[in-house]
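Enquirer: Let me give you the structure first, and then I'll get to my questions.
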Amino acid sequence: MYHSELEIRVRYAETDRMGYVYYGNYSTYFEVVRVEALRSLGVSYKSLEDEGIMLPVLEYRIKYFKPAFYDDLLKIETQIDKMPGARVHFFYKTFRENGEQVNEAETTLVFVNVKTGRPVEAPAHVLEKFKEYFK
């Protein structure tokens, strides 16, 4: 299993009239976390795109427990619990500084060949980066 964490400070523009983080912003937070999680493994979205591979989101699910507010420092934990194939599945847990869990979510992304628009297996060099986490 691969695990990663990232902190994100809530900006004023990301809140709604109630002062809560607007629900749609969590998908952006999770994208930032995914990109950085892969980068920490030595894989960049840009390099994949340069190779002709896209990673569109196939599924997205989220459950909210507590609101987050302007200037909160959020810790988002990410985990990938199985070796990627043509798909890679991310789990997320978001916490406020006081340890309260804000939400949990998951996304499934698909490795897609840019030219054909069809799913493909994850590139060998990407799978190599994950090997040590899934022995």
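All of the numbers you see were taken from the coordinates with simple rules; none came from a lab. Not measured: the values here are computed from a predicted model. Note that we place each Cβ from the backbone using ideal geometry, even for glycine, and neighbour counts take in every protein chain shown.
Enquirer: Check which residues have an amide H placed less than 5 Å from LEU58's amide H, if you skip close sequence neighbours.
Expert: THR108, LEU109, VAL110
Enquirer: Nearest 10 degrees, 0 to 90: what angle lies between the long axis of helix 25-41 and the longest principal axis of the chain (Cα atoms)?
Expert: So the helix axis and the longest Cα principal axis differ by about 50 degrees.
Enquirer: Where a Cα-Cα gap under 29 Å defines reach, which lysines qualify for LYS93, not counting those fewer than 8 residues away within the same chain?
Expert: LYS46, LYS63, LYS66, LYS75, LYS82, LYS129, LYS131, LYS135
Enquirer: Moving on to the next point. Using r as the Cβ-Cβ distance of SER27 and GLU100, and R0 as 25 Å, what FRET efficiency do you calculate, to the nearest 0.05?
Expert: After rounding, the FRET efficiency stands at 0.75.
Enquirer: Still on this structure: With a cut-off of 8 Å between alpha carbons and a minimum separation of six or more residues, what is the relative contact order of the stretch 45-135 in percent?
Expert: Result for the stretch 45-135 is 32 percent.
Enquirer: Would you calculate the separation in nanometres between label points at VAL35 and SER47, each defined as 7 Å from the Cα along the Cα-to-beta-carbon direction?
Expert: About 1.6 nm separates the two model spin labels.
Enquirer: Quick one: MET83, MET1, fewest Cβ neighbours within 10 Å first, how do they rank?
Expert: MET1, MET83
Enquirer: OK, next. Rounded to the nearest whole Å³, what is the per residue volume of the convex hull around the Cα atoms of the stretch 2-133?
Expert: Considering the Cα atoms of the stretch 2-133, their hull volume per residue is 109 Å³.
Enquirer: State the extension gain, in nm to one decimal, for the chain segment bounded by PHE134 and PHE65, taking 0.36 nm per residue of separation less the distance between their alpha-carbons.
Expert: 21.8 nm
Enquirer: Within 10 Å of each candidate Cβ there may be at most 16 other Cβ atoms; applying that plus a DSSP loop requirement, which chymotrypsin sites (Phe, Trp or Tyr not before Pro) in the stretch 1-105 survive?
Expert: Here the chymotrypsin sites (Phe, Trp or Tyr not before Pro) that fit, given the DSSP loop and packing criteria, are TYR22, TYR23, PHE65, TYR70.
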